[in-house]
Amino acid sequence: MKSINVIRTFVSGSLFLLLLAGCAGDPQSTSAPTGSAPSSEVIAADQSQPTWETHEYEDTYLSYEIPAGWKKHENSSDDMRLTLFTQQEPTTDMPSNVCVQILSLQSQSKDFDYADPEIQELYHQFLISSDSGLTAEAQDGEYATEQIGDTWVYSISFAREAEDGTMVQQTGYFPMGLDYTLAIWATDYKDGCTPPVEEIAKHICETLCILEP
């Protein structure tokens, strides 16, 4: 059955999604109403240039653009699979942040039609299931799909409690159909950080380039 096979592929390709609540010295962002029923919609992505300056970040596997005033947070990053960014001079000990996470270097769901509403809904069901590894708050999150350039990006946004008891807004973006399975997390600690982390995460999706290791 198609739905069962698709869900199995999502699980094998995206299992162990890690949810970062933010680390000392990092970025921000996103807004999604809490307590509302999840919704799925297709949005026409705005491909205009950001109003903030950018610079290119590159590691072994990926390159993309981040804001000029942001930097990699060394103590909260794994050189190969997890890279967390914050403002160069954060104003709080627990700043807003954006995290780029490589979940797998061998995507098993590369050839799906991600414009297909059935595939979009199946991925939503995966995200709110126990197999995704997300917290229970994600079940009441706002789910959306949009095409950024040639890539379909699915997202889920929800409020959750961080380790110190602070309520943060968190949005996960999942660029689909790439050679790697990726998650880009935008976490807003409501610290007035700019640009908004949601914008940063989307710009990363727009400028993302897969590199050969």
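The values are calculated or read from the model by the stated rules, or taken from the named source; none is laboratory data. Quantities reported herein were computed from a predicted structural model and do not represent experimental measurements. Heavy atoms of the whole protein, side chains included, go into the accessibility calculation; ligands, DNA and RNA do not. Shrake-Rupley method; radii C 1.70, N 1.55, O 1.52, S 1.80 Å.
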Taking all protein chains in place and a 1.4 Å probe, what share, in percent, of the accessible surface of the stretch 123-204 do carbon and sulfur account for? 42 percent
Rule-of-thumb Rg ratio for the stretch 47-142 [Cα; 2.2 N^0.38 Å; N residues]: 1.33
Under the Kirkwood approximation for Rh and a Cα-based Rg, what ratio Rg/Rh is obtained for the stretch 90-213? 0.97
From the C-alpha gyration tensor of the stretch 86-161, pull out the three semi-axes of the equivalent ellipsoid (sqrt of 5λ each), sorted largest to smallest, in whole Å. 26, 17, 13
Just need log10 I(q)/I(0) for the stretch 150-213 at q = 0.15, 0.21 Å⁻¹, Debye formula, equal scatterers on the alpha-carbon atoms, no solvent, rounded to two decimals. -0.53, -0.87
